[in-house]
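Below you'll find the structure, written out as structure tokens, and then a few comments.
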Amino acid sequence: MPLLWMVLELYQVSLPDLPKDGYDTIPMWVADMNFPTVPSICAAIVERVQHPAFGYFSPSEEYYNAIIKWQEERNGVTGLTKECIGYENGVLGGVISVLNAFSAPGDAILLHSPTYIGFTMSLENNGRKIIHSPLKQDENGVWRMDYEDMDKKIKAHKIHTAIFCNPHNPCGRVWEKWEIESYGSL
Ligand SMILES: Cc1ncc(COP(=O)(O)O)c(C=O)c1O
């Protein structure tokens, strides 16, 4: 039995049908989790709902300290303070905050296509012009960025802001280090 079904059964969640014999589960959307959430997260959610007030809140000191420590230990970023950190409760709000810091309405923004619909709508609603650079398949059928195409479009549209999605949605590519470095240097 696939792990996801075992977890659903454990929590007595109503089960979707198992795949037919000889077939496996196929996650059809990149953002869908087909692995169980770590128990500490489930426990924290359960603890939170014990408190009946679901109003607004301010992030705690622990929240900021965890980010500052992560940046120090993982990325060697020092000197971060609480004031450097903005709270967003979703990815798209974060994307728009960054876009507002680095671009103005009417500016062209580079995105790879096919594109996650959330990016498309957020950009359109905020008056940005979307420039697509289509991904293309290499000789092994792996979706790759087209560096030549991006170079041309960056110059032609005077682009100085881009959205980079990793893992890419939709197509699921987890970009290799050399791909990210080439993209960065471009
Ligand atoms: C690439 C990508 N970014 C952002 C989101 C939105 O994430 P969230 O709802 O966690 O803010 C999704 C959700 O499908 C996504 O696929």
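The values are calculated or read from the model by the stated rules, or taken from the named source; none is laboratory data. Bear in mind that the values here come from a model prediction, so they are computed numbers and not experimental data. With ideal geometry, Cβ positions are generated from the backbone for all residues, glycine too; neighbour counts draw on all protein chains shown. What goes into the accessible areas is simple: the full protein's heavy atoms, side chains included, and nothing from ligands, DNA or RNA. Shrake-Rupley method; radii C 1.70, N 1.55, O 1.52, S 1.80 Å.
Based on this model, can you work out whether Ser103 counts as in the same structural domain as Thr161 (by TED's automatic domain parsing) and modelled with pLDDT under 95? For Ser103, the condition - in the same structural domain as Thr161 (by TED's automatic domain parsing) and modelled with pLDDT under 95 - is not met. Whether any residue in the range 99-109 is within 16 Å of the ligand (Cβ to nearest atom) and closer than 30 Å to His160 by Cβ is what I want to check. Yes, the range 99-109 contains a residue that is within 16 Å of the ligand (Cβ to nearest atom) and closer than 30 Å to His160 by Cβ. Checking each residue in the range 102-151 for being open to solvent by 80 Å² or more (accessible area, probe 1.4 Å) and not in a strand (DSSP E or B) picks out Phe102, Pro105, Ile117, Met121, Glu124, Asn125, Glu139, Asn140, Glu148. With respect to being among the hydroxyl-bearing types (Ser, Thr, Tyr), modelled with pLDDT under 95 and within 30 Å of Val174 (Cβ to Cβ), Tyr64 falls outside the description. Could you tell me how many of the residues in the range 88-100 are open to solvent by 60 Å² or more (accessible area, probe 1.4 Å) and modelled with pLDDT under 90? Looking only at that region, the number is 2.
Could you list, ordered by first residue, the pairs with Cβ atoms under 7 Å in which the first is in the range 80-97 and closer than 17 Å to Asn166 by Cβ and the second is small (Gly, Ala, Ser) and more than 8 Å from the ligand (Cβ to nearest atom), at least 6 apart or interchain? Every condition considered, the pairs that remain are Leu92/Ser122; Val95/Ser122. Residue count for the range 154-179 under the criterion of being surrounded by 13 or more Cβ atoms within 10 Å (Cβ to Cβ) and within 16 Å of the ligand (Cβ to nearest atom): the result is 10. Across the range 67-87, the qualifying residues are those that are open to solvent by less than 80 Å² (accessible area, probe 1.4 Å) and either assigned to a loop (DSSP other than H, G, I, E, B) or at positive phi (or both), and the one among them that is modelled with the lowest pLDDT is Gly86.
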